[in-house]
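K.L.:
Before anything else, here's the structure in question.
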Amino acid sequence: MANTVIIGAQWGDEGKGKIVDMLSASSDVIVRFQGGNNAGHTIEANGKQTILHTIPSGILHPGKLCLIGNGVVLDPFVFLKEVDGLNENGIDTSPRRLGISYKTHLIMPYHVALDKAREAYKAGSKIGTTGRGIGPCYEDKVGRVGLRAGDLTNPDLASRKIAAALVEKNFLLKNLYGSEPLDAKTITDQVMAIAPRITPYLTDVSGAVQESVLIGKDVLWEGAQGVHLDVDHGTYPYVTSSNTVSGCGSTGTGIGPNYLQQVLGIAKAYTTRVGAGPFPTELDDKTGAFLREQGHEFGATTGRPRRCGWLDAVVLRESARLCGLTQFALTKIDVLRNLPILKICVDYMYKGHRIEYPPQGENALAEVTPVYEELPGFTEDISHCKHMEALPYNVQKYIQRIEALTQVRIAYVSVGPDRDQTIIC
Ligand code: IMP
Ligand code: MG
């Protein structure tokens, strides 16, 4: 397989974990390039479910090299918990096959505390973050005061950074948010206690990826969240704090963009969103409830019920443009079974005009009305279909319509959660 960046083409939870897991079989290196443990990548293989938040999904495949790039924010405590969980299941997580960039920023307990305190404080204008400290950690990175994984080799530097950070964080926690301040020494001790377990994983990720590419190995960049949660291009301010577009595969691992050969967008056959923010095709009715039930649309990270709605081709078209998508993987199409009609949003109406791309202004997406096209539904069980021709006519039509509306080829169709419930088109 060629070097491939995998991104979520909607608002996250498109089923990236499953597709990354599947494509890991034919890749050599799997690298995460943005986001943190706000992600929840669910993988089902041989009847067993694994949810990964931090470690690349490729870890389930023996012998593959899994890397965490500089663009990721890593909670070291969560990382070690995940390592322990994988080890209990007999999965090799040794530094021979798992690496963390020296430059990866670390999520500290004060980032988590700030994330939660801030959300609680924002009555009425909550973003609905996952409360994992993602935003505050990226703020410190951009503010040039962050603690990086490589700093764990230098206890003096690490403890100075933690103490300095807490001067500001505690002021905010105490005086603005009315919550408990945190103790610098306690946090430093907790961090230094786990440092010996983290430092063996430190790797020059840029160098490792470059070397792999040059000797002809295949690299998979595993994106998290979705394009419309991108801090620049998403539905700002209802977004995450990282760039989720494909270009971040380059900046988030330290490799030239010319090495990213294919860009695979993962799109669910309908749309979901967790947290606040505009969602033009959202269904607040029994069809929305049907999708949530049939699709088990509850957050893998927070357990929150996901908002559900029809497929939005405008959202996908925009993702294709922002990421240079070369192909789609369409997931969870089996969930649509037994709906008499299937609607696809093909364009928006905005201020009296019909538009093909989302409007540009902040929160302007909240003002659009979807223009729907209706397609006939299907009642057949498609979960065992192994090739396109085996799919009912109406399912094939639905797939073809998405390709026509987005001008992107659908290369994979997922008809169930398991690894082998995937049609390669
Ligand atoms: P944060 O990334 O925790 O700061 O949350 C910001 C927004 O992104 C919230 O609306 C979250 O629900 C959403 N979000 C973050 N990570 C994911 C994900 O992996 N899947 C879906 N939504 C996410
Ligand atoms: Mg998820």
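K.L.:
On the basis of being farther than 20 Å from Gln210 by Cβ, touching a residue at least 24 places away in the same chain (Cβ under 8 Å) and away from ligand 2 (no atom under 16 Å from the Cβ), does Leu98 make the cut?
P.N.:
Answer is no for this residue.
K.L.:
Scanning the stretch 94-123 for residues that are in a helix (DSSP H, G or I) and of a type in the set (A, V, I, L, M), which turns out surrounded by the most Cβ atoms within 10 Å (Cβ to Cβ)?
P.N.:
Leu114
K.L.:
Follow-up question, since we're still on this one. Within the stretch 38-64, can you find the residues that are open to solvent by less than 10 Å² (accessible area, probe 1.4 Å) and either closer than 18 Å to Pro76 by Cβ or more than 16 Å from ligand 1 (Cβ to nearest atom) (or both)?
P.N.:
Within the stretch 38-64, Ala39, Leu52, Thr54, Ile55, Pro56, Gly58, Ile59 meet the criteria.
K.L.:
Could you check, for the stretch 20-28, whether at least one of its residues is within 16 Å of ligand 2 (Cβ to nearest atom), crowded, with 24+ Cβ neighbours inside 10 Å and either in contact (Cβ under 8 Å) with a residue 40 or more places away in the chain or not hydroxyl-bearing (Ser, Thr, Tyr) (or both)?
P.N.:
The answer is yes; a qualifying residue exists.
K.L.:
Give me the pairs, please: first residue somewhere in the stretch 256-276 and in contact (Cβ under 8 Å) with a residue 60 or more places away in the chain and open to solvent by 40 Å² or more (accessible area, probe 1.4 Å), second residue anywhere and more than 15 Å from ligand 1 (Cβ to nearest atom) and assigned to a strand (DSSP E or B), beta-carbon distance under 6 Å, and either six or more positions apart or on two chains.
P.N.:
Gln262/Thr4
K.L.:
Hey, another quick one. Can you find, within the stretch 404-425, the residue that is farthest from the chain's Cα centre (by Cα) among those that are part of a helix (DSSP H, G or I) and surrounded by 15 or more Cβ atoms within 10 Å (Cβ to Cβ)?
P.N.:
Per the stated criteria, the residue is Leu405.
K.L.:
Suppose we keep only residues that are open to solvent by less than 10 Å² (accessible area, probe 1.4 Å) and β-branched (Val, Ile, Thr) within the stretch 232-254. Which one would you say is nearest to ligand 1 (Cβ to nearest atom)?
P.N.:
Among residues in the stretch 232-254 that are open to solvent by less than 10 Å² (accessible area, probe 1.4 Å) and β-branched (Val, Ile, Thr), the one nearest to ligand 1 (Cβ to nearest atom) is Thr244.
K.L.:
Regarding Ile7, is this residue among the β-branched types (Val, Ile, Thr), in contact with a strand residue (DSSP E or B) (Cβ under 8 Å, 6 or more places away or on another chain), in contact (Cβ under 8 Å) with a residue 40 or more places away in the chain and within 16 Å of ligand 2 (Cβ to nearest atom)?
P.N.:
Yes: the conditions hold for Ile7.
K.L.:
Taking the stretch 258-300, which residues are more than 19 Å from His41 (Cβ to Cβ) and assigned to a loop (DSSP other than H, G, I, E, B)?
P.N.:
Leu260, Gln261, Tyr270, Ala276, Gly277, Pro278, Phe279, Pro280, Thr281, Leu283, Asp284, Asp285
K.L.:
What number of residues within the stretch 10-37 are within 14 Å of ligand 1 (Cβ to nearest atom), in contact with a Phe, Trp or Tyr (Cβ under 9 Å, 6 or more places away or on another chain) and under 20 Å from Ser414 (Cβ atoms)?
P.N.:
Total meeting the criteria: 1.
The values are calculated or read from the model by the stated rules, or taken from the named source; none is laboratory data. All values derive from a computational prediction rather than experimental measurement. Note that we place each Cβ from the backbone using ideal geometry, even for glycine, and neighbour counts take in every protein chain shown. Note: accessible area is taken over every heavy atom of the protein model, side chains too, but ligands, DNA and RNA are not part of it. Shrake-Rupley method; radii C 1.70, N 1.55, O 1.52, S 1.80 Å.
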